[in-house]
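*Asks:* Have a look at the structure that comes next, please.
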Amino acid sequence: MLRQRLKQQSACGSSGYLAITAAIILAAVLTVLALSLSFSSFFNSSDVQDSNLKESSYFLAEACGETALLKLSQNSNYSGNEIVSVASGTCKIFTLEASSSQKIIKTQASSSEAATNLKIIVQTPSLDIVSWEEY
């Protein structure tokens, strides 16, 4: 009878340890899952910020390109090589490169750590845009 009682207590005690072990393992798995999701959302927000900075620098460089085109339309001898202030910052128009029938306008703008370099090729004297690309 004493042996039977010890066996019952032993069986009940091991099921308690099993439940505690299962609870600890489940808590560890859920903690790892929560941490991985929080790091994932943190890095995604960083990617969104980088994308916004790149977009800002692109539009700033584009504004410089438009400014250079305007000045070139007003003065066919416009040579570039200036820094332009725009509402959201500044950008640079490099010295224009010329061939017999084309002019190449290069601009550069940055927003925090993102930078954009644009290259615009136009026909002269009509100023028709041949290409407009980031380089």
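Bear in mind these aren't lab numbers, they're just calculated from the coordinates by the rules spelled out. Computed from a predicted structure; not experimentally measured. Cβ: placed from backbone, ideal geometry, glycine included. Neighbour counts: every protein chain shown.
*Asks:* Which whole-number percent of Cα pairs in the stretch 37-135 have a distance greater than 20 Å?
*Replies:* 42 percent
*Asks:* Cβ under 13 Å from Asn81's Cβ, Asn81 left aside: what net charge do those residues give with Lys, Arg +1 and Asp, Glu -1?
*Replies:* Spelling it out: positives minus negatives among the neighbours equals +1.
*Asks:* Can you compute the modelled spin-label distance between Glu55 and Glu133, with each label point 7 Å from Cα toward Cβ, in nm?
*Replies:* Taking the simple label geometry, Glu55 and Glu133 are separated by 2.5 nm.
*Asks:* Of the peptides 85-96, 123-134, how do they stack up when ordered by the mean number of other Cβ atoms within 10 Å, highest first?
*Replies:* 85-96, 123-134
*Asks:* At a 10 angstrom cut-off on C-beta neighbours, averaged per residue, how do the peptides 64-71, 112-119 rank from highest to lowest?
*Replies:* Output ranking for 64-71, 112-119: 64-71, 112-119.
*Asks:* Can I ask one more? Please list, or write none, the lysines whose alpha carbon is within less than 30 Å of the alpha carbon of Lys71, excluding same-chain residues fewer than 8 places away.
*Replies:* Hits, sequence-local ones excluded: Lys54, Lys92, Lys103, Lys106, Lys119.
*Asks:* Suppose the chain between Ser99 and Thr124 were pulled fully straight at 0.36 nm per residue; how much longer would it get relative to their current alpha carbon spacing?
*Replies:* Result: 8.1 nm gained on full extension.
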